[in-house]
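Asker: Before I ask anything, here is the structure I am working with.
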Amino acid sequence: MDWNKPHDENAKARMQSSFRSFAPLSLHTIAIWLLIGLTACSISYKFNAGTMDYSKVKSISIKDFPNMATLIHPPLAQRFTEQLREKYNRQTRLEVIRENGTMDLEGEITGYELTPLAVREDMFASQTRLTVTIRVRFTNQVKPEDDFEQSFSAYQEFDSSNPIERVVDELCGLIISEIVDQIYNSTVAKW
């Protein structure tokens, strides 16, 4: 017995008839769903400098951010300031200068903290969190309503069996990148 063939001719006719009526309906239905899906799902993102009017906003001044934290990691201030300037150079058409820009960023590093986490039964921490906090003052001569003063912070955790000297450069790089993104998004990307 061949299982791929219908048992009688009536069954074969019914199957062909139902397929013919089903096929145009399914193609029509698929076309409608695709059309709805394509029109309903139009999402647009603007990654570079939001809705900035470059005819009015020509420059941003980024002053050096001194390290005013109680605990100091010496290269942090210079590394942060350079990475912040680099972000605006790469992501915008603004001229990045040190003073008297159309927009101005200034501030200071106010926190560099090591916090023990996950204390074991021997009273030693198995994890440590490094947190960096930076206070920022932003002024915009074109849109003064965008001015703000705000603290931004980020942290990274690491295994306490690693001495901080061994992991600090990598951790600071990750933390600085996150804070720079937060500042950029708050000033020109408007996310």
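Asker: Please give, to one decimal in nm, the separation of the simple spin-label points placed at Glu165 and Met68, each 7 Å out from Cα toward the Cβ.
Answerer: 3.1 nm
Asker: Further, regarding this structure: Assuming R0 = 22 Å, can you tell me the calculated FRET efficiency for the pair Asp53 and Asn89, based on Cβ-Cβ distance, to the nearest 0.05?
Answerer: E between Asp53 and Asn89, to the nearest 0.05, is 0.70.
Asker: Placing one identical point scatterer on every Cα of region 75-181 and ignoring solvent, what is log10 I(q)/I(0) from the Debye formula at q = 0.18 Å⁻¹?
Answerer: -0.91
Asker: List the residues of region 156-189 whose backbone N lies under 16 Å from a point placed 7 Å from the Cα of Lys143 along the Cα-to-Cβ direction.
Answerer: 183-189
Asker: Considering only protein heavy atoms, what per residue accessible area in square angstrom results for region 46-191 with a 1.4 angstrom probe?
Answerer: 57 Å²
Asker: For region 50-191, how many pairs of lysine residues have a Cα-Cα distance under 17 Å, where the two are 8 or more positions apart or belong to different chains?
Answerer: 6
Asker: Quick one: putting +1 on the C-beta of Lys and Arg, -1 on the C-beta of Asp and Glu, what dipole do you get for region 67-181 around its Cα centre, in Debye to the nearest 20?
Answerer: 220 debye
Asker: Determine the gain in length on full extension of the stretch Glu157-Arg129; use 0.36 nm per residue of separation and subtract their C-alpha separation, reporting nm with one decimal.
Answerer: Working it through step by step, the gained length comes to 9.7 nm.
Asker: Around Tyr155, under 10 Å between beta carbons, what's the net of Lys plus Arg minus Asp minus Glu among the other residues?
Answerer: After counting each charged neighbour, the total is -2.
Asker: Separate question: Residue-wise, which Karplus ³J(HN,Hα) couplings in Hz belong to region 135-150, taking 6.51 cos²θ - 1.76 cosθ + 1.60, θ = phi - 60°, and x for glycine or proline?
Answerer: Once θ is set to phi - 60°, the couplings for region 135-150 become 8, 10, 10, 10, 10, 10, 5, 7, 10, x, 5, 8, 4, 7, 10, 7 Hz.
Asker: Along region 66-71, what does the Karplus equation 6.51 cos²θ - 1.76 cosθ + 1.60 (θ = phi - 60°) give for ³J(HN,Hα), rounded to whole Hz, x for Gly and Pro?
Answerer: x, 8, 10, 5, 5, 9
Asker: Let me know the whole percent of all Cα-Cα pairs from region 88-134 that are separated by more than 15 Å.
Answerer: The share of Cα pairs beyond 15 Å in region 88-134 comes to 66 percent.
Asker: Computed on alpha carbon atoms, what radius of gyration and Dmax characterise region 121-185, expressed in Å?
Answerer: 16.5, 58
Asker: Given all pairs of different Cα atoms, what value in angstroms does the Kirkwood hydrodynamic radius of region 45-138 take?
Answerer: Taking the inverse mean of 1/r over all distinct Cα pairs, region 45-138 comes out at 15.5 Å.
The values are calculated or read from the model by the stated rules, or taken from the named source; none is laboratory data. What you see is a predicted model; the values in this text were computed from it and never measured. Virtual Cβ from ideal backbone geometry, glycine too; neighbours counted across all protein chains shown. These area figures cover heavy atoms from the full protein model, side chains too; ligands, DNA and RNA do not enter into them. Shrake-Rupley method; radii C 1.70, N 1.55, O 1.52, S 1.80 Å.
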